[in-house]
Amino acid sequence: MTAPVVVPVVPGRSVALVTLGCARNEVDSEELAGRLEADGWTLVDEPADADAVLVNTCGFIESAKKDSIDTLLAAADLRDSGRPQAVVAVGCLAERYGAELAASLPEADAILGFDDYASIGDRLRSVLAGTPLVPHVPSDRRLLLPISPTDRPAAAGATSLPGHGAGAGGLPLPSGLAPASGPRVLRRRLEGGPTAPLKLASGCDRRCTFCAIPSFRGSFVSRRPSEILDEARWLADQGVRELVLVSENSSSYGKDLGDGRLLETLLPELAGVDGIERVRVSYLQPAETRPSLVETVASTPGVVPYFDLSFQHASPPVLRRMRRFGSTESFVELLEVARRLVPTAGARSNVIVGFPGETEADLAELERFLTLARLDVVGVFGYSDEDGTEAATYPDKVDPAEVADRVDRVGRLVEELTAQRADERIGETVEVLVESVESVELGGAAEGRADHQGPEVDGSTTLAPSRHAGDAPWRVGELVRALVVATEGVDLVAEALPGQRR
């Protein structure tokens with residue numbers, strides 16, 4: 001962690017935050033925004049209008065790293081016009097590479113790690129004052145907390161956990177920035193709209209051989225239920241109607257608090273928060289998705305029957321090399337359990353093709369699983385080595401050109417299968433959360449998401465202008481029951497049912 005530097009506060013300093021990557025990063029950025037605004041900074045939308053630009057980077061896969069670097073370079077290019085005066089990297093890429101990134105990217109004025117978040121305002125003032133900040137040398141953040149999960153809550157305050165907001169440093173809490181009571185998490189919404197991510201936990205205890213996230217995000221640490229509920233109430237006060245619960249592994253929630261089924265208790269409480277109409281759980285690990293959790297997600301009013309399951313592959317030999325568990329049969333049975341409870345339940349996943357040692361038989365088994373699974377959305381990723389991962393040391397690498405061919409092959413299959421799954425929904429009644437509305441001049445249609453569609457990563461549903469007499473135009477944030485009448489790939493087209501808007 002960079003040593004504190006006392007720099008005079010310059011009134012009127014402005015900062016723009018640029019967020020890359022997943023919904024977990026969105027929560028982290030909103031914590032940073034809350035800290036900065038409470039510390040006297042003015043938040044602006046455009047980097048060209050800011051004194052400082054804070055880029056919350058992603059370091060997950062090679063394409064995300066490149067996007068982060070390109071965004072930092074684009075912000076740095078703006079300095080020729082006098083604004084911004086400083087470009088600073090935070091987030092996963094900055095934490096993961098630290099001093100190495102600083103040496104290879106002199107265009108960035110500072111590379112800050114997670115431990116800098118609690119003093120982010122001071123760090124930016126130092127950069128603007130021309131005070132050099134020594135970038136951190138990354139270490140395995142799993143070592144910062146006890147190995148035993150149940151010992152972590154007491155030790156969690158000793159390290160920075162982005163998105164948990166612990167240790168506000170005595171800053172005042174301006175109106176609209178944090179819950180009025182309970183654990184005070186600084187957060188300031190950067191995007192409007194009726195949906196918001198809500199972080200359950202940080203870190204991961206699994207040791208998947210292809211994934212570097214635990215090394216720079218650290219061990220799994222759950223947030224306290226009271227803190228999560230307070231933040232949910234605050235988000236509801238901000239106009240949020242759907243909460244999307246995020247973490248590296250939501251099915252582990254509560255294990256470090258002494259209750260491995262705490263999520264089953266928390267979900268009904270979140271769904272009962274005034275103003276919240278939908279609660280969506282994301283990032284479930286199949287091996288930890290127990291029957292009681294499936295039943296809670298499927299049967300709790302206000303919790304959408306949506307299963308975001310990280311299968312990654314279906315061939316047992318590949319899964320064992322990934323240090324994961326399962327098979328086509330066990331994964332299909334998990335999906336069938338959910339669909340026996342709710343036949344229209346949504347399900348999505350990601351898969352990796354071209355993993356070291358993957359044979360034609362392994363790939364065919366993955367294709368068999370995808371055909372049987374009837375998933376609504378599937379992300380297909382080609383394997384590439386990640387620094388510091390076990391799989392990077394494996395022999396029997398698949399040639400990159402062959403990996404690309406397999407991505408194309410499986411991608412075309414997925415496109416066909418998910419379009420078929422969408423077609424199966426014609427004639428279903430869905431409930432759509434309206435997220436955007438066209439002007440009357442453009443036709444007045446609305447776009448939103450049905451229960452089985454997660455934000456950004458899944459498809460959407462278009463509602464034509466209502467033909468029912470007396471109906472008002474669509475409103476962002478309203479829930480509309482509608483009949484699916486057509487599809488466009490994974491996207492749906494639906495017509496509102498009379499009198500079914502709230």
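The values are calculated or read from the model by the stated rules, or taken from the named source; none is laboratory data. The shown structure was predicted, so the numbers you read here are calculated from the model rather than taken from an experiment. Counting neighbours? That spans all protein chains shown, and the Cβs are built from the backbone with ideal geometry, glycine included. To get the accessible areas, we keep the full protein, side chains included, count just its heavy atoms, and leave off ligands, DNA and RNA. Shrake-Rupley method; radii C 1.70, N 1.55, O 1.52, S 1.80 Å.
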Taking N as the number of residues in the chain, the ratio of its alpha carbon radius of gyration to 2.2 N^0.38 Å works out to 0.99
With all protein chains in place and a 1.4 Å probe, Ile61 shows an accessible area in Å² (nearest 10) of 50
So the carbon and sulfur contribution to the accessible area of the chain, 1.4 Å probe, in percent, is 54
Lys pairs in the chain with Cα under 30 Å (8 or more apart in sequence, or on separate chains) total 5
Taking alpha-carbon centroids only, the stretch 250-308 lies from the stretch 185-244 a number of Å equal to 13
Inter-part gap, Cα centre of the stretch 28-92 to Cα centre of the stretch 345-395, in whole angstrom, is 33
Here the tail fraction of P(r) beyond 18 Å, over all Cα-Cα pairs of the stretch 379-444, rounds in percent to 66
Note on the chain: contact order normalised by length, alpha-carbon pairs under 8 Å, 6 or more apart, percent, works out to 9
Here the cysteines of the chain without any disulfide-compatible Cβ partner under 4.7 Å are Cys22, Cys58, Cys92, Cys204
Expressed per residue, the solvent accessible area of the stretch 44-160 in Å² (1.4 Å probe) is about 43
Treating only Lys and Arg (+1) and Asp and Glu (-1) as charged, each at its beta carbon, one finds that the chain has a dipole about its Cα centre, in Debye to the nearest 20, of 1320
Per the rule of 0.36 nm per residue minus the C-alpha distance, extending Glu495 to Thr429 adds in nm 22.8 nm
In this structure, the FRET efficiency calculated for Arg339 and Val134 from their beta-carbon separation, with R0 = 56 Å, to the nearest 0.05, is 0.55
For the stretch 295-413 the mean separation of alpha carbon contacts under 8 Å (6+ apart) over residue count, i.e. relative contact order in percent, is 27
